[in-house]
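Heads up, the thing below is written out as structure tokens.
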Amino acid sequence: FYLQGGDLDELSKNIIVQANSEILIVNPFVSETDLAKSLIQTKEGVKVTLITRPEKRYIAFHERLKKSGVILNYNEGVHAKIIVVDRAVAFVSSMNFIPTSTAGQSWEAGMISLDEEVIDDILNSIYEILEN
């Protein structure tokens, strides 16, 4: 299904904090936003992996994420915006984890899939990034 603006942000946060086993995030720009802070608010035992760019202006927040247990991978080529939670739901959107994207200052939209085959394809693309 399709979501935009605040609905996309709110559902993303809610799904992240309700995760039971794992969260995979691919996003080039991750700064201190409510959405990014939701990665710290996950249940105990949830594996959180983030693939992002090593933007100097965001490194201090990235360090906070790492201290909270987020597994951080830097990749200069990342441009996709993907969230996969518990291998059950996948978000593919235009939304960066920065205030202008998540706070509604720019128009963001995305598709959400619950289809197992689609999710597997998305996960395979993420694992390819992790292997390189």
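The values are calculated or read from the model by the stated rules, or taken from the named source; none is laboratory data. Here the structure is a predicted model, which means the values were calculated and not measured. Virtual Cβ from ideal backbone geometry, glycine too; neighbours counted across all protein chains shown. The accessibility values were calculated without ligands, DNA or RNA, using every heavy atom of the protein model including side chains. Shrake-Rupley method; radii C 1.70, N 1.55, O 1.52, S 1.80 Å.
Here is how the numbers come out for the structure above:
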{"item": "Filter pass, ALA90 being assigned to a loop (DSSP other than H, G, I, E, B), modelled with pLDDT of 95 or more and surrounded by 13 or more Cβ atoms within 10 Å (Cβ to Cβ)", "result": "no"}
{"item": "Complete set of residues in the range 93-127 that are of a type in the set (D, E, K, R), part of a loop (DSSP other than H, G, I, E, B) and more than 18 Å from ILE16 (Cβ to Cβ)", "result": "ASP115"}
{"item": "Test for GLU63: is it farther than 28 Å from ASN132 by Cα and either without any contact (Cβ under 8 Å) to a residue 40 or more places away in the chain or small (Gly, Ala, Ser) (or both)", "result": "no"}
{"item": "Unmet criterion (only one of (1) more than 11 Å from the chain's Cα centre (by Cα); (2) under 17 Å from LEU3 (Cα atoms); (3) of a type in the set (Ser, Thr, Tyr)) for SER93", "result": "(1)"}
{"item": "Leading residue by the ranking (modelled with the lowest pLDDT) among those in the range 100-132 that are surrounded by 15 or more Cβ atoms within 10 Å (Cβ to Cβ) and over 11 Å from LEU8 (Cα atoms)", "result": "ILE129"}
{"item": "Output for the range 52-77, where each listed residue is aliphatic (A, V, I, L, M), in a helix (DSSP H, G or I) and surrounded by fewer than 16 Cβ atoms within 10 Å (Cβ to Cβ)", "result": "ILE59, ALA60"}
{"item": "Residue count for the range 25-51, restricted to those that are under 17 Å from GLY69 (Cα atoms) and either in contact (Cβ under 8 Å) with a residue 40 or more places away in the chain or open to solvent by 40 Å² or more (accessible area, probe 1.4 Å) (or both)", "result": "16"}
{"item": "Cross-chain or 6+ apart pairs with Cβ under 9 Å, the range 112-127 first and closer than 18 Å to VAL48 by Cβ, then open to solvent by less than 80 Å² (accessible area, probe 1.4 Å) and part of a loop (DSSP other than H, G, I, E, B)", "result": "ILE119/ALA88; ILE126/ALA80"}
